[in-house]
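Before any comments, here is the structure.
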Amino acid sequence: QVQVVESGGGLVQAGGSLRLSCAASGSTFSINVIGWYRQAPGKQRGLVAVINSGGITNYADSVKGRFTISRDNAKNTVYLQMNSLKPEDTAVYYCSIVAGPGFVYWGQGTQVTVSS
């Protein structure tokens, strides 16, 4: 069992920055991939960024160059640094962890609201 706790969301003006945290606990040795997803009202959930156990990252085109995903292995925490935020970034952001033989764990979500 892997527990996922997200934090760092909030209200920010356009052009501002936020850093989201995804802290994993429990059976963390088998974690393969951690991804950030977001879902805006009336929109489908979409992938924002992903990092695998080898440190390889991938980003949605809409956030490339503005967002950075990173990890702190000592703390079992993955971060999403979000810069140059736009109103269209407003969404609930979810952390998703793939562990072991395809087990998927989700956090509770954290709200990011970007005002103009």
If the cut-off is 20 Å between C-alpha atoms, which aspartates and glutamates fall inside it for K75, apart from same-chain ones fewer than 8 positions away?
E6
If the cut-off is a Cα-Cα distance under 19 Å, which aspartates and glutamates reach K64, setting aside same-chain residues fewer than 8 apart in sequence?
E88, D89
In straight Cα distance, which lysines are under 19 Å from K43, not counting same-chain residues fewer than 8 positions off?
K86
Can I get the semi-axes of the chain's equivalent ellipsoid? Compute them from the C-alpha gyration tensor as square roots of 5 times the eigenvalues, in angstrom, largest first.
24, 14, 13
Cα convex hull of region 25-79, projected area averaged across orientations, nm²
4.7
Pick from S21, S84, S70 the residue whose mean-square fluctuation is largest in a GNM of the chain, springs joining Cα atoms under 10 Å.
S84
Testing the spin-label approximation: label points 7 Å from Cα along Cα→Cβ at R66 and T28. State their distance in nm.
3.0
What relative contact order, as a whole-number percentage, does the chain give when Cα pairs under 8 Å and 6 or more residues apart are counted?
36
Please report how far the C-alpha centroid of region 18-62 lies from that of region 84-116, rounded to the nearest whole angstrom.
7
How much length is gained if the chain between S53 and S116 is pulled fully straight, taking 0.36 nm per residue apart and subtracting their Cα-Cα distance, in nm to one decimal?
19.0 nm
Ordering of 25-32, 75-82 by burial proxy (mean other Cβ atoms within 10 Å per residue, highest first):
75-82, 25-32
For the pair Q81 and Q13, how long in nm is the line joining their label points, each one 7 Å along Cα→Cβ?
2.2
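Every number here is computed from the coordinates shown, using simple stated rules; none is lab data. Small disclaimer: the values here were computed from a predicted structure and weren't measured. Every residue, glycine among them, receives a Cβ derived from its backbone with ideal geometry; neighbour counts consider all protein chains shown.
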